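One structure is given here, and the rest of the page talks about it.
The values are calculated or read from the model by the stated rules, or taken from the named source; none is laboratory data. Since the structure is predicted, the reported quantities are computational estimates derived from the model, not experimental observations. A quick note on method: Cβ atoms are made from the backbone with ideal geometry, for glycine too, and the neighbour counts reach across all protein chains shown. Each accessible area value is taken on the protein alone, full model and side chains, heavy atoms only, with ligands, DNA and RNA left out. Shrake-Rupley method; radii C 1.70, N 1.55, O 1.52, S 1.80 Å.
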2 protein chains.
Amino acid sequence: MTVNERAALASTLAALREALGDDAVRVGDEIGERSMTDWTRHEPTRPAALLLPRTTEQVARALMICNDARQSIVPQGGMTGLAGGSIPRATDIALSLDRLAGVEEIDSAAATLTVRAGTTLQAAQEAATQAGFELALDLGARGSCQIGGNLATNAGGNRVIQSGTARDQVLGLEVVLANGAVLSSLNKMVKNNTGYDLKHWFIGSEGTLGVITRAVLKLQPQRASRHTALVALSDYDQAVSLLRRLSTRFGNDIGAFEIMWPDFFDFGVKLTGTRSPFAEAHPLYALIEHASFDTDDDGSRFSGVLMEALDEAAIRDAVIAQSVADTRALWAIRECTAEFPVKLDPINFDVSLPIGEIGAFVDRCRAAIDRAWPGNESYFFGHIGDSNLHVTVDGHSVPGVDHHDVYALVYDMLAPLRGSVSAEHGIGSLKREFLPVSRSDEELAVMKAIKHALDPNGILNPGKLF
Amino acid sequence: MTVNERAALASTLAALREALGDDAVRVGDEIGERSMTDWTRHEPTRPAALLLPRTTEQVARALMICNDARQSIVPQGGMTGLAGGSIPRATDIALSLDRLAGVEEIDSAAATLTVRAGTTLQAAQEAATQAGFELALDLGARGSCQIGGNLATNAGGNRVIQSGTARDQVLGLEVVLANGAVLSSLNKMVKNNTGYDLKHWFIGSEGTLGVITRAVLKLQPQRASRHTALVALSDYDQAVSLLRRLSTRFGNDIGAFEIMWPDFFDFGVKLTGTRSPFAEAHPLYALIEHASFDTDDDGSRFSGVLMEALDEAAIRDAVIAQSVADTRALWAIRECTAEFPVKLDPINFDVSLPIGEIGAFVDRCRAAIDRAWPGNESYFFGHIGDSNLHVTVDGHSVPGVDHHDVYALVYDMLAPLRGSVSAEHGIGSLKREFLPVSRSDEELAVMKAIKHALDPNGILNPGKLF
């Protein structure tokens, strides 16, 4: 940092202290490790300062000051991201939404929840449940991640097949623009065709177009009964047919359709120290949840449709959980991914492809990885109903491998299919280089034009996305 | 038109003829009445020319030529709009999507339909049905309206409570920008977090940001059984409670929840020449459709929940359709609106408000209209589950009334509630003046900044929206 830069920063910080109060501006050792990196643990960096505004107005004043000073800002939520979208650079000022927290209102007639950006997902879920509703958004990081970050990254998670991504839960949004203008579109109406639907511009923009400060979220009724099954399948085509059969018979009462290839399934069984519920090995497994609103639903219709599929040889085998313990045991296999960071050196992929193309892609992808790194241990699984495939290659199994080479190999195979290099985690700083795999030059040009229109000085989260 | 303007237009038309072929460029009497106005029949105007491109590439070339010449363009679909969004001015060139029609692909594994913009909604619906799916979008104009127009206006329609608006049916979009660049984002994936989700910028933008040429739409499984009920209610609060009760018990198997106030209901009964199915008059009526995926659903759960509500005095009365004829008779009352243009001089409102506020708004609104125009005949009804209220004042009942005065009175009452002056029909040219009722200065400024970024010469549908 030059002397001039240092003086400019000091003057910006003085203005920020005056606007927000001394306790809302931290520097140096006052900034904890939590503000330095996300759940990727990638390159922890202490930002030039950390702001902790308490109100939308304070966020607006902070942005106005930084915009005038051409000072870059990194919005930060719960720091649970997996793409580096909230990791600061040393010259950035981090803007934490931690203090802008709390549920403001539940409107039972409209079935909406108005919430501040810094509220954890779990706190919002609990408020919804207490009011007799359900917030459909759910993901593993629920206790730490914040609504603002969930919306800024358009988080996916566990219930997308049933209720869509974070975007689909939003009716209204309040956003502070780079110049400090507050766009307060806290709409509660399902239908509102009065000009451009601004909320969609900011959802999923990873903090590059504005800072989300409040949101109006849709609430759903609570589902009354849940039933879980693990199904053994001959091949991927059977999985797609089963998905369509269940969708036809149950609509979006199908709340999970998780596919596990044998490499993943066997590893999950081993990691959880359980036994496969099947006597023999199978080419593919599907973990399926059925959740209905019918309080008298004993699961017999769900198991009946699976039995019908078995009779028609449309599936190879099925077990249906008969107890909470059964259900937990089945889910434990799928959720062994929580152990991945501990047991593996995970090289993770979060790609998406049209549902019908995923099976062939897995086969070709596995073959290519095996050719390049014989002896590698890799795990294939995914939320197939959402067109989302996860692949984890264990770096330990290919000593000395450059993670980047693995990324390049997989993304190169994805490019001709126009697949997505990020189904649900976003681009952040870690996938920037691969964005052109999924986006055309024309699309990127438009994104940049919009970025320039809304943030002409480029102060919002520079180095992310583009 | 000055001599210079005339020469410029002639040169533009010559370039267009060369690019698209003579048969794709019409002028003067070659332009039929259909291209001159929409279903409002407002100010029919012959445009300077009518273009009929056959391909996305021809649309791109046409826009490039017009952009270079600063020639304004009005995109046109089925001309069924109700806000004047596709009505040309005499100096505009109309760009019809009529020839860019047809379903390109149905992907049964992904449950998607890829369709050209000029395809009628009905043709798209029929293709979906034939493939064993259902396209959730449906509206009265289905036989004439086109997918491109449906998306450009984010059409609502009959199934929003169940499946959302046009926006919610879209996975991918191809759009031609003002400068002729083709944004081909024909994504089929449910999850795709790779930068800004560009489709949302164009859906609902009423042709002011780009011309939609193709779309990938989500398909739904077909529902197996439908049951219809007409319920009599004591007041609006009972309607909201019933909506919540049904939503809790049936989720989005509730496919319609149409509220009719007595003025509307009685008029509907009279117009259809039927009798009310109830022996006495009631303060409010709800027409409700339950549609489930269960082939064995005989409607007993649905009627059981209504009976339970009756036992608890949570509703006043209910009739459940026992036959197709019964169902048609009940819907005929609600659909008497088709006769409005014939029987009335309709002054129409398409507003939205948070669901809990609609009842009180109706009471205050009716009182204000009665005070201003004693003896008026007005009809209140709405898709309450979508937060959408329709009001029709019969101009015949208040001879000499200036429609504009009625608009001003109702919208003035809406402004403090931050209600929407257009729930589903859009702003177009007819509601421009009232856009600030629903949008703040900050929101309008951002909309204009984006408009300028994407269409710096302002050639796309000028005079609409802003």
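The set of residues in the stretch B:157-171 that are in a strand (DSSP E or B) and open to solvent by less than 10 Å² (accessible area, probe 1.4 Å) contains only B:Val170. For the stretch B:15-29, residues that are farther than 16 Å from B:Thr91 by Cα and either without any contact (Cβ under 8 Å) to a residue 24 or more places away in the chain or in a loop (DSSP other than H, G, I, E, B) (or both) total 4.
If you go through the stretch A:1-13 and keep only what is under 13 Å from A:Ala48 (Cα atoms) and open to solvent by 80 Å² or more (accessible area, probe 1.4 Å), you end up with A:Met1, A:Glu5, A:Arg6.
Residues that are touching a helix residue (DSSP H, G or I) at 6+ places or on another chain (Cβ under 8 Å), over 17 Å from B:Ala166 (Cβ atoms) and assigned to a strand (DSSP E or B) do not occur anywhere in the stretch B:53-67. Pairs linking a residue in the stretch B:131-144 that is closer than 17 Å to B:Ala224 by Cβ to a residue that is at pLDDT 95 or above and open to solvent by 40 Å² or more (accessible area, probe 1.4 Å), with Cβ atoms under 6 Å and 6 or more positions apart or on different chains, are B:Ala131/B:Ile106; B:Glu134/B:Gln220; B:Glu134/B:Gln222; B:Ala136/B:Gln220. From the list B:Gly395, B:Gly426, which one is farther than 22 Å from B:Gly149 by Cβ, among the small types (Gly, Ala, Ser) and in the same structural domain as B:Asn348 (by TED's automatic domain parsing)? Sole residue among the options that is farther than 22 Å from B:Gly149 by Cβ, among the small types (Gly, Ala, Ser) and in the same structural domain as B:Asn348 (by TED's automatic domain parsing): B:Gly395.
Would you confirm, using the coordinates I've provided, whether A:Leu454 is in contact (Cβ under 8 Å) with a residue 24 or more places away in the chain, of a type outside the set (D, E, K, R), farther than 16 Å from A:Leu353 by Cβ and within 10 Å of another protein chain (Cβ to nearest Cβ)? Yes. Is there a residue being aliphatic (A, V, I, L, M) and open to solvent by 10 Å² or more (accessible area, probe 1.4 Å) anywhere in the stretch A:372-389? There is at least one residue in the stretch A:372-389 that is aliphatic (A, V, I, L, M) and open to solvent by 10 Å² or more (accessible area, probe 1.4 Å). The residues listed here are B:Leu465, B:Leu444; of these, the one that is in a helix (DSSP H, G or I), within 8 Å of chain A (Cβ to nearest Cβ) and of a type in the set (A, V, I, L, M, F, W, C) is B:Leu444.
When the stretch A:393-403 is filtered for residues that are open to solvent by 10 Å² or more (accessible area, probe 1.4 Å) and in a helix (DSSP H, G or I), the ones remaining, listed by number, are A:His396, A:Ser397, A:His403. Checking each residue in the stretch A:177-194 for being out of contact with any Gly (no Cβ under 6 Å at 6 or more places or on another chain) and either surrounded by fewer than 23 Cβ atoms within 10 Å (Cβ to Cβ) or among the hydrophobic types (A, V, I, L, M, F, W, C) (or both) picks out A:Ala178, A:Asn179, A:Gly180, A:Ala181, A:Val182, A:Leu183, A:Ser184, A:Met189, A:Val190.
Screening the stretch B:172-283 for strands (runs of 3 or more DSSP E) wholly inside it with 3 or more residues that are within 8 Å of chain A (Cβ to nearest Cβ) returns the ranges B:182-185. State yes or no: is A:Asp266 of a type in the set (Asp, Glu), surrounded by fewer than 22 Cβ atoms within 10 Å (Cβ to Cβ) and under 26 Å from A:Ala325 (Cβ atoms)? Yes; evaluated as a whole, the condition is true for this residue.
Being loosely packed, with under 13 Cβ neighbours inside 10 Å, of a type in the set (D, E, K, R) and without any contact (Cβ under 8 Å) to a residue 12 or more places away in the chain is true for just one of B:Asp298, B:Asp311. Which residue is that? The match here is B:Asp311.
Under the condition of being under 30 Å from A:Val351 (Cα atoms) and in a loop (DSSP other than H, G, I, E, B), the residues counted in the stretch A:73-91 number 13.
Within the stretch B:157-166, the residues that satisfy the criterion of being within 9 Å of another protein chain (Cβ to nearest Cβ) and touching a helix residue (DSSP H, G or I) at 6+ places or on another chain (Cβ under 7 Å) are B:Val160, B:Ile161. So is B:Leu271 farther than 30 Å from A:Arg245 by Cα and at pLDDT below 95 or not? Criteria met by B:Leu271. Within the stretch B:14-37, the set of residues being out of contact with any helix residue (DSSP H, G or I) (no Cβ under 8 Å at 6 or more places or on another chain) and either outside the structural domain of B:Met79 (by TED's automatic domain parsing) or open to solvent by less than 40 Å² (accessible area, probe 1.4 Å) (or both) comprises B:Gly21, B:Gly28, B:Ile31, B:Gly32, B:Ser35, B:Met36, B:Thr37.
Residues in the stretch B:60-111 that are within 14 Å of chain A (Cβ to nearest Cβ) and closer than 26 Å to B:Glu18 by Cβ: B:Ala60, B:Leu63, B:Met64.
Looking only at the stretch B:110-148, residues that are in a helix (DSSP H, G or I) and open to solvent by less than 30 Å² (accessible area, probe 1.4 Å) come to 7 in all. In the condition set (1) more than 30 Å from A:Asn187 (Cβ to Cβ); (2) in contact (Cβ under 8 Å) with a residue 60 or more places away in the chain; (3) in contact with a strand residue (DSSP E or B) (Cβ under 9 Å, 6 or more places away or on another chain), A:Trp39 is compliant with all but (3).
Identification of helices (runs of 4 or more DSSP H) wholly contained in the stretch B:294-392 with 2 or more residues that are under 19 Å from B:Arg223 (Cβ atoms) and touching a strand residue (DSSP E or B) at 6+ places or on another chain (Cβ under 8 Å) yields B:300-311, B:324-334. Considering the stretch A:409-441, the residues that are open to solvent by less than 10 Å² (accessible area, probe 1.4 Å) and touching a Phe, Trp or Tyr at 6+ places or on another chain (Cβ under 6 Å) include one that is nearest to the other protein chains (Cβ to nearest Cβ), namely A:Val421. Quick test for you: out of A:Thr208, A:Thr272, pick the one residue that is touching a Cys at 6+ places or on another chain (Cβ under 8 Å) and not assigned by TED's automatic domain parsing to the domain that holds A:Asp363. Being touching a Cys at 6+ places or on another chain (Cβ under 8 Å) and not assigned by TED's automatic domain parsing to the domain that holds A:Asp363 holds for just one of A:Thr208, A:Thr272, which is A:Thr272.
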